[in-house]
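The values are calculated or read from the model by the stated rules, or taken from the named source; none is laboratory data. Because the structure is predicted, anything quoted here is derived from the model rather than measured. Glycine gets a Cβ as well: all are built from the backbone with ideal geometry, and neighbour counts include every protein chain shown.
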Amino acid sequence: MKKTISALSRFLLGILLFLTLMPFYLLVMNSFKWSEGIVKHPFRLAEEWQFGNYVKAFGQVIRPMFNSAVVTFSVIALVLLVSVLAAYAFARFKFRGSALCYLIIMAMLMIPGFVLLIPQFIQINRLGMYNTFWGLIFPPAAASAATGTFLLRTAMEGISNSLFEAAEMEGATDLQILTRIAVPLSGPVIATIVIMTGLNAWNNYLWPLVSTTGPNTQQVTVALTKMVRTAMEGDGILFAGYVIASLPLILLFCFASRSFVAGLTQGAVKG
Amino acid sequence: MKQKSLFKLIKPYLFLLPVLSLLIIFKYIPFGMSFQKSFYNWNGANLDTFIGFQNYMEAFQDRIFLQSIGKALIVMVVQVGITVSIPLVTAELLFAMKSKRAQYVVRTAFTFPMVVPGVVVILLWKWILGGDTGVLNNILNSIGLSQLANPWLGDTKTALPAILAIGFPWIGIAALGGMQFLVYFGALQGIAGDLLEAAKLDGVNIWQRFWKIDVPMLASQLKLMVTLVVISSLQIFESIFILTKGGPGTSTMVPAVYMYEQGFTYRRMGYCSALGIILFGFILILTVFNNKFLKKAEVVE
């Protein structure tokens, strides 16, 4: 009886895993085919491997990927900078209005993103940031800063106070305490924030769609929806583009899967 | 000396200055503007007249908008159903595996699709669900069920269900089932081994253990996940915008896509702001209700 249940649960798990991974198998396999092979035998291995698909797709997505990388790294850096500073203030100082300031930072998590879509669009236009990297960086960074502050505050409050006091006695400045103690000891949380923010920034579609136009600032997500190919080549080129665009994060995931799991689940706090 | 103490006094605020300015410039001011402009006939440029509650009155008589809320509620019910079922069962199945190593490998295999950009998953399913050359129709044809083949996204009856089916069984989709799966699995691992051991000795069967131990122990996670999915499902945008833009007809028109259309296609930005404020209120009410209702359910337990 027990063995049957165990076997059954493995079988079910296997089916779930198969169904989850199947589309990605199809994506990779068909990215090496031309139109005919995709339409007739989507499940089979390619008869003739069309590596040319990747060459053609690469040309279409490389610039947007570079743009997305610039934006992603900038958003991560900005979010880390502002939330490290804020978390340090909340964790280390007692000051008037501390609770109020915290509330001001957290309250905006309640507002659904699309309510702000139009006014944020107007705002970046007013600031002359339409179709610039600044416009792509600031509003998404504002969205992640609250979660970052929240997570880092908890982490820094968990650091033993005697450590801070000892450093103070030695005459360390706040900047030194921040960079030598608070930040290094919050390492795992910082990794979580980097991944959470990075995933959101790289995968963001709606904001780049409304806040940019043309190739100079085009983000990879938008570029993927606008890829072109000839009828004979077919969707294989598109699929190759999708694979290329997914690769950076997949590679990172291979090296830091634990941090990714933390980053994906901590995103839950973000609402 | 005096200067130094003044510096000490304002120091905490200096640390908060960057985050507060970021939020005020890119969140608070836009939100205030959104609220204000919901009372204006506004196209984002030259047309800008105060019209009182007219936008709101129009919204409550706008058939497409009201229907779009109905569609969002359907999405919500389906996605809440998904949230509390398949990821939970999958987490249980994985937790039941004895080998820690195998657990790790399987969890990793489930996690890697979650880092694939959402747009890629949507475009991939666009092909799977496609009419002539779609993979699903290809399968149906090859197993002799060609009468069932259908342009899934192009048919008013099947477009919304097809969009909701994207990512089936949803464990690889970070926001819908993947995060839930990881959270539930983490929580199961957190249940004390003693408790499970004791239950085993008392002869508790799997079914009893699931309902009497696992579900109560996961109550707070389940509640949080339901709340998050309620909020996110009402904002569903990307999949529908990329695949059908609300069509065919208005069969997949959800609030966020309708707002986008009103705001950016028709430049009715005042009206769009009003729609946003209404939806914000709606989400707020649902969240409060959700918290109250789920709390009660817990007390009954």
Problem set entry | helices (runs of 4 or more DSSP H) wholly inside segment B:85-147 containing at least 3 residues that are closer than 18 Å to B:Ile171 by Cα | B:86-96, B:100-111, B:118-128
Problem set entry | Hey, B:Ala187 closer than 27 Å to B:Ile69 by Cα and either out of contact with any Gly (no Cβ under 7 Å at 6 or more places or on another chain) or among the hydrophobic types (A, V, I, L, M, F, W, C) (or both) or not | no
Exercise. Can you tell which of A:Ala201, A:Ala240, A:Ala245, A:Ala223 is farther than 30 Å from B:Lys8 by Cα, facing chain B (nearest Cβ under 9 Å), buried (at least 16 other Cβ atoms within 10 Å of the Cβ) and modelled with pLDDT of 85 or more?
Worked result: A:Ala245
Exercise. Of the residues that make up segment A:94-114, is at least one within 30 Å of A:Gly236 (Cα to Cα), part of a helix (DSSP H, G or I) and either among the aliphatic types (A, V, I, L, M) or facing another protein chain (nearest Cβ under 8 Å) (or both)?
Worked result: no
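Name the single residue, out of those in segment A:39-61 being assigned to a helix (DSSP H, G or I) and without any contact (Cβ under 8 Å) to a residue 24 or more places away in the chain, that is nearest to the other protein chains (Cβ to nearest Cβ). Lay out the reasoning, then the answer.
As a first pass, look at segment A:39-61 and keep what is assigned to a helix (DSSP H, G or I): A:39-40, A:52-61.
So of that shortlist, the ones also without any contact (Cβ under 8 Å) to a residue 24 or more places away in the chain come out as A:40, A:52, A:55, A:59.
On the way: A:Lys40: 9, A:Gly52: 20, A:Val55: 19, A:Gly59: 18 Å.
Of everything passing the filter in segment A:39-61, A:Lys40 is nearest to the other protein chains (Cβ to nearest Cβ).
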Exercise. How many of the residues making up segment B:247-278 are surrounded by fewer than 24 Cβ atoms within 10 Å (Cβ to Cβ), over 26 Å from B:Leu164 (Cα atoms) and either in contact (Cβ under 8 Å) with a residue 40 or more places away in the chain or facing chain A (nearest Cβ under 7 Å) (or both)?
Worked result: 2
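What do you reckon, is B:Lys200 out of contact with any Gly (no Cβ under 9 Å at 6 or more places or on another chain), away from every other protein chain (no Cβ under 12 Å), assigned to a helix (DSSP H, G or I) and exposed (fewer than 15 other Cβ atoms within 10 Å of the Cβ)? Can you show your working first?
Details: out of contact with any Gly (no Cβ under 9 Å at 6 or more places or on another chain): yes; away from every other protein chain (no Cβ under 12 Å): no; assigned to a helix (DSSP H, G or I): yes; exposed (fewer than 15 other Cβ atoms within 10 Å of the Cβ): yes.
So B:Lys200 fails the test.
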Exercise. Residues in segment B:26-44 that are assigned to a helix (DSSP H, G or I) and either of a type in the set (Ser, Thr, Tyr) or modelled with pLDDT of 95 or more (or both): how many?
Worked result: 2
Exercise. In segment B:128-139, how many are at the interface with chain A (Cβ under 7 Å from one of its Cβ atoms) and modelled with pLDDT under 90?
Worked result: 3
For this session: Scan segment A:1-26 and report the pairs whose first residue is at the interface with another protein chain (Cβ under 9 Å from one of its Cβ atoms) and free of Cβ contacts under 8 Å to residues at least 24 places away in the same chain and whose second residue is assigned to a helix (DSSP H, G or I) and acidic (Asp, Glu), with Cβ atoms within less than 9 Å and a gap of 6+ or a chain change.
Result: A:Ser9/B:Glu92
Problem set entry | Single condition B:Val77 does not satisfy, out of (1) without any contact (Cβ under 8 Å) to a residue 60 or more places away in the chain; (2) under 30 Å from B:Ser220 (Cβ atoms); (3) within 13 Å of chain A (Cβ to nearest Cβ) | (3)
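Return yes when A:Ser83 is touching a Gly at 6+ places or on another chain (Cβ under 6 Å) and either touching a residue at least 24 places away in the same chain (Cβ under 8 Å) or at the interface with chain B (Cβ under 8 Å from one of its Cβ atoms) (or both) and no when it is not. Don't jump to the end; show me each part of the working.
On the way: touching a Gly at 6+ places or on another chain (Cβ under 6 Å): yes; either touching a residue at least 24 places away in the same chain (Cβ under 8 Å) or at the interface with chain B (Cβ under 8 Å from one of its Cβ atoms) (or both): yes.
The answer is yes for A:Ser83.
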For this session: Could you check, for segment A:182-194, whether at least one of its residues is touching a Leu at 6+ places or on another chain (Cβ under 8 Å), among the small types (Gly, Ala, Ser) and either within 13 Å of another protein chain (Cβ to nearest Cβ) or closer than 21 Å to A:Val28 by Cβ (or both)?
Result: no
Exercise. Taking segment A:1-35 as the search range and keeping residues that are modelled with pLDDT of 85 or more and among the aromatic types (Phe, Trp, Tyr), which one is surrounded by the most Cβ atoms within 10 Å (Cβ to Cβ)?
Worked result: A:Phe32
Exercise. Within segment A:241-263, how many residues turn out to be in contact (Cβ under 8 Å) with a residue 12 or more places away in the chain and closer than 15 Å to B:Ile122 by Cα?
Worked result: 4
